[in-house]
Amino acid sequence: MYIHKIKKTGNMKVDAFVLTDNLSEISEAIEQLKNVASLPTIVKAAYAMPDIHWGYGFPIGGVAAFSNIISPGGVGFDINCGVRLLKTQIDYNDFKKYIESTIKELYDVIPVGVGATSKKFDKKSFKKIIEEGTKRAIEMGYGLSEDLEYIEDFGKISPASMEDISKTAYERGREELGTLGAGNHFIEIQKVEEIYDEKKANILGLYKNQIVIMIHTGSRGFGHQIATDYIKLMRNLNSDLPDKQLAYAYFDSDLGQKYYSAMNCAANYAFSNRQIITHYIRKVFSKYSKVEIVYDVAHNIAKVEIHDNQKVIVHRKGATRAFGPNNPDIPEKYKSIGQPVLIPGNMGTASYVMVGTNKNFAFSSTAHGAGRVLGRRQALKKLSLNQVLSNLQKRGIIVKSKSKKTILEEAPDAYKKIDRVVEIVDKLNLSKKVAKLIPLGVIKG
C-alpha cells in the first residue's frame with residue numbers, strides 16, 4: 001500500500017523504493033531517486049521517505065548507502081540541519097498567559113533571519129568547536145555536561161579538521177554560530193497535545209499539557225559554503241553522471257576524506273549552534289522552570305554505519321536516523337525504547353515525537369518533516385499573507401518573524417499534511433508514534 005518499487009532499469013544498479021501513498025505529486029523527485037540508484041558502489045536499494053520532494057541532486061527525503069563514495073548532493077547545503085526538543089516542568093494552563101511575552105523575549109535574545117550574526121568567535125575557539133563538537137561549546141559556558149548524552153553522536157562526529165575548510169567558510173561561520181537563520185528554521189513553544197504510548201513517553205519525560213520547546217536549524221552559511229566548495233571540486237571528476245548535481249568522490253580518496261572531514265566540521269557546528277540557542281532559551285525560561293534536552297537529531301548528513309554486517313556510508317538527505325532498541329549508539333536511558341525521532345511540522349501544524357524500531361528496512365532511517373508541495377516562489381504567488389496570518393490567529397498561534405516573505409514561503413499550505421507522513425512511517429515501522437505536539441508560539445527568520 002505504501003511501498004512502491006521501481007525496478008532496476010537502464011543505468012540503475014539497484015531497485016528504488018518510494019514510501020508514500022501518492023506518487024502523482026512527486027514525479028521529478030522519483031527521477032532523481034532513479035539517478036541515485038545509478039551511482040557506483042550503491043548497496044541494497046535507494047529509498048524515498050514519505051516527505052520526498054525535489055532537491056539538489058538527491059531528492060529531499062532520499063536515503064542511500066554506498067560502500068565507497070560520498071556525494072555532497074546526497075547531504076545538501078544545510079549540513080546537519082536538525083531538530084532539538086527541550087522539555088520543561090510547566091503545565092500549559094499555568095503558562096498560557098506568558099506565551100506571547102516569552103516569544104517576544106526569545107525573539108529579542110536569539111538572532112534570527114538572513115544575515116543575523118552573534119558574537120564573533122575567535123579562530124582558536126571556533127576551531128575547538130568545529131573539531132571537538134558540543135563539548136567545547138559547553139566548556140565555554142553554553143550548557144551542562146549532561147546535555148551531551150541527549151545529542152546524536154553526543155554532539156561530535158570525527159574526523160573533523162579545520163584544515164579541510166576554506167577561509168570563506170570560516171568567515172561565514174564565525175559570526176553565525178548561535179543564530180537561527182531563516183527559511184524553514186524555527187523555534188516553537190509547543191504543548192504536548194496527545195500521548196500515544198504512556199510507557200515510552202514516561203521514559204522520555206513527556207506528559208500531556210506539558211510545555212516543550214523545539215529548535216530547528218543547522219550549520220547556517222558555514223555548511224552552505226562547505227557544500228559549495230566541495231561540489232565545485234568534485235564537479236568535473238565524474239563524466240558518466242545522469243545528473244551533474246550528483247558529483248561524488250570515492251570515500252577512500254584524498255578528496256573524499258577531505259569532504260567527509262569538512263562535512264563533520266559543519267555537523268559539529270550545527271550541534272553547537274543548537275546548543276548555544278538552548279543556552280539562550282534556558283535564560284529566558286529560568287524564571288519558570290528547568291529546561292532539559294529530550295534529544296537532538298540530525299538530517300542532511302552522511303555517516304559511516306554498519307548495516308547487514310557491511311560498513312557503508314549512509315546518506316540521509318532530508319531524512320533522520322532511527323535506530324531501534326538496544327543500539328549501542330543511543331543514550332542508556334533510551335536503550336529500552338529506541339532512539340528518539342523528532343519529526344517537525346511546519347508553522348501552524350503539529351510535530352511528532354517518535355522512536356526508532358528494529359523492524360526498519362531503510363538503513364534505520366525515517367522521515368524528517370512534512371515535505372513541500374509548493375516551492376517557495378509558488379507559495380509567494382498562490383498564498384495570501386493576510387489569510388495565512390488570520391488562520392494562525394484563529395488557532396491561537398502567536399507568530400514572530402523578521403520577514404513577511406518567510407511567513408508566506410513557510411505557510412502550512414506549502415507543505416504536505418504532517419499527520420499523513422507520520423502515519424505512513426508508523427505503519428511501515430520506520431519509527432513509532434509516542435507524542436503529538438502542537439504549536440503555541442512560533443519564531444521565524
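Computed quantities for the displayed model
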{"item": "Entry for Rg and Dmax of the Cα atoms in Å (calculated from the structure that is shown) out of [x] 21.5, 72; [y] 23.6, 76; [z] 20.3, 62", "result": "[z]"}
{"item": "Net charge, Ala302 excluded, C-beta distance under 15 Å - Lys, Arg +1, Asp, Glu -1", "result": "0"}
{"item": "Whole-number D in µm²/s for region 19-174 (Stokes-Einstein; Kirkwood sum over Cα pairs; 25 °C, 0.890 mPa s)", "result": "125"}
{"item": "Residue-count net charge about Pro40 - beta-carbon cut-off 11 Å; Lys, Arg +1, Asp, Glu -1", "result": "0"}
{"item": "Dipole magnitude (debye, nearest 20) for region 82-221, charges at Cβ of Lys, Arg, Asp, Glu", "result": "400"}
{"item": "Distance from region 314-383 to region 220-292 (C-alpha centre basis), Å", "result": "18"}
{"item": "Stokes-Einstein D (µm²/s) once Rh is taken as the Kirkwood radius of region 208-321 over alpha-carbon pairs, at 37 °C in 0.692 mPa s", "result": "196"}
{"item": "Positive minus negative residues near Gln225 (Lys, Arg vs Asp, Glu; Cβ under 14 Å)", "result": "-1"}
{"item": "Spin-label pair Ser390/Ser336, simplified geometry with 7 Å Cα→Cβ offset, distance in nm", "result": "5.1"}
{"item": "Between region 86-117 and region 145-211, the alpha-carbon center distance in angstrom", "result": "16"}
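Laboratory data are not the source of any read-out in this text; all were calculated from the coordinates shown. Please read these numbers as outputs of a predicted model, since none were measured by experiment. Quick reminder, even Gly has a Cβ in these numbers, built from the backbone with ideal geometry, and neighbours come from all protein chains shown.
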